Amino acid sequence: MSTEKPLKNQVALVTGGGRGVGRGIALVLAERGARVVVTARTQSEIDETAALINKNGGEALAVSASVIDESDVLGLIRTTVEKFGGLDILVNNAGSFDWIGPVWEADPEMWWRDVVINLKGVFLCCRHAVPLMIKKRTGVVITLNGGGAEGYLLYGSSYASSKAAVLRFTEQLARELADQGYENVVAYAVGPGLVVTKMSRLQAETPRGLQYIPGTKKNFETGNVRQPEECGYVCAWLAQNRPKEFSGRIFGVDDNLDDLLAHKEKIVNGDLKLLRGRN
């Protein structure tokens with residue numbers, strides 16, 4: 001593991017941390033010195049993530065929970081505080097993209113479940129984690145967005161709609177915190193790009209995915225994918241630097257964050273890196 005520990009003494013909670021992007025983020029945060037709580041519904045998967053961190057000299061705890069069950073979220077937050085003494089970094093990574101196909105053919109329950117997991121899960125975790133950050137007057141919330149958040153995603157209406165809502169929610173949270181004088185509690189959205197995960201394999205390996213989103217398989221075959229750790233590096237940079245000027249804004253794995261920070265006035269004055277509709 002790296003000898004540099006810029007997140008030493010910081011406590012991070014990563015939802016959906018049992019595999020894929022969530023695991024990559026958890027590993028990078030731990031490498032930077034954070035003590036990490038990883039959560040998901042499948043205990044065996046988060047146990048594996050925690051074991052990888054602990055084996056490499058980090059400190060991690062696996063807590064099984066559903067982010068759309070408020071009692072689970074409350075228990076998760078309580079366990080985090082009891083184990084590590086607080087919470088400094090919340091990474092909302094847990095998500096769902098199960099419905100693929102035209103809106104008029106959608107299974108209503110499946111479609112709505114994507115929205116609930118992607119939006120209500122973020123809300124509940126923020127609702128119960130942010131007050132701890134407000135009490136300390138410092139903290140960072142990082143929420144994963146995805147394809148379709150800033151533009152349409154053919155045949156992925158449930159995912160796209162919920163992720164667009166997540167971007168608006170991120171800005172709402174950031175602006176409300178700043179308006180109340182808690183500008184040292186910041187919130188960002190991060191897009192991980194296309195990563196080979198259980199979620200994306202539904203597009204590349206199932207009949208509906210191959211029919212409606214064939215580009216995913218093509219990208220897999222050509223290697224046009226990102227690694228989970230790439231998103232972890234973006235999250236770690238934001239967790240370490242926490243630029244207040246960027247709170248509420250959207251970033252991705254291709255962004256040069258140091259360069260963006262050097263041009264922060266242009267970004268702020270131009271109302272950039274935000275979900276906007278313009279004529």
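The values are calculated or read from the model by the stated rules, or taken from the named source; none is laboratory data. Please read these numbers as outputs of a predicted model, since none were measured by experiment. Counting neighbours? That spans all protein chains shown, and the Cβs are built from the backbone with ideal geometry, glycine included.
In the range 99-123, of all residues being aromatic (Phe, Trp, Tyr) and touching a Ser or Thr at 6+ places or on another chain (Cβ under 8 Å), the one that is surrounded by the fewest Cβ atoms within 10 Å (Cβ to Cβ) corresponds to 112. Please work out if residue 129 is part of a helix (DSSP H, G or I), without any contact (Cβ under 8 Å) to a residue 12 or more places away in the chain and over 22 Å from residue 152 (Cα atoms). In short, no. Residues that are closer than 21 Å to residue 90 by Cβ, surrounded by 17 or more Cβ atoms within 10 Å (Cβ to Cβ) and hydrophobic (A, V, I, L, M, F, W, C) do not occur anywhere in the range 208-219. A Cβ distance below 6 Å, combined with a sequence gap of six or more or placement on separate chains, defines the contacts here; from the range 222-248, residues that are among the charged types (D, E, K, R) reach residues that are in a helix (DSSP H, G or I) and surrounded by fewer than 18 Cβ atoms within 10 Å (Cβ to Cβ) in the pairs 245/264; 245/268.
Across the range 100-112, the qualifying residues are those that are touching a residue at least 24 places away in the same chain (Cβ under 8 Å) and either assigned to a helix (DSSP H, G or I) or of a type in the set (A, V, I, L, M) (or both), and the one among them that is nearest to residue 185 (Cα to Cα) is 112.
Farther than 24 Å from residue 187 by Cα, surrounded by 15 or more Cβ atoms within 10 Å (Cβ to Cβ), in contact with a Lys or Arg (Cβ under 7 Å, 6 or more places away or on another chain) and modelled with pLDDT of 95 or more: does that describe residue 96? No, not satisfied. Pairing residues of the range 257-274 that are modelled with pLDDT of 95 or more and among the hydrophobic types (A, V, I, L, M, F, W, C) with residues that are surrounded by 10 or more Cβ atoms within 10 Å (Cβ to Cβ) and outside any helix (DSSP H, G or I), at Cβ distances under 6 Å and at least 6 apart in sequence or on separate chains, gives 261/243; 267/273; 274/249. Of all residues in the range 203-260, exactly one satisfies the criterion of being over 29 Å from residue 9 (Cα atoms), among the hydroxyl-bearing types (Ser, Thr, Tyr) and under 23 Å from the mean Cα position of the chain (by Cα), namely 216. Within the range 264-276, the set of residues being within 23 Å of the chain's Cα centre (by Cα) and part of a loop (DSSP other than H, G, I, E, B) comprises 271, 272, 273, 274, 275, 276.
Comparison of 80, 15 shows that the only residue that is crowded, with 20+ Cβ neighbours inside 10 Å, among the polar types (S, T, N, Q), touching a residue at least 60 places away in the same chain (Cβ under 8 Å) and over 30 Å from residue 205 (Cα atoms) is 80. Exactly one residue out of 230, 245, 183, 221 is over 22 Å from residue 141 (Cβ atoms), of a type in the set (Asp, Glu) and modelled with pLDDT of 95 or more: that is 221. Between 205, 183, which is free of Cβ contacts under 8 Å to residues at least 40 places away in the same chain and either closer than 30 Å to residue 104 by Cβ or out of contact with any strand residue (DSSP E or B) (no Cβ under 9 Å at 6 or more places or on another chain) (or both)? Just a single option satisfies the conditions, and that option is 205.
Of all the numbered requirements in (1) of a type outside the set (S, T, N, Q); (2) crowded, with 18+ Cβ neighbours inside 10 Å; (3) without any contact (Cβ under 8 Å) to a residue 24 or more places away in the chain, residue 21 misses one, and that requirement is (3).
Of all residue pairs spaced 6 or more apart or on separate chains, those with beta-carbon atoms under 6 Å, a first member in the range 84-99 that is within 17 Å of residue 197 (Cα to Cα) and a second member that is among the acidic types (Asp, Glu) are 96/114; 98/114; 99/114.
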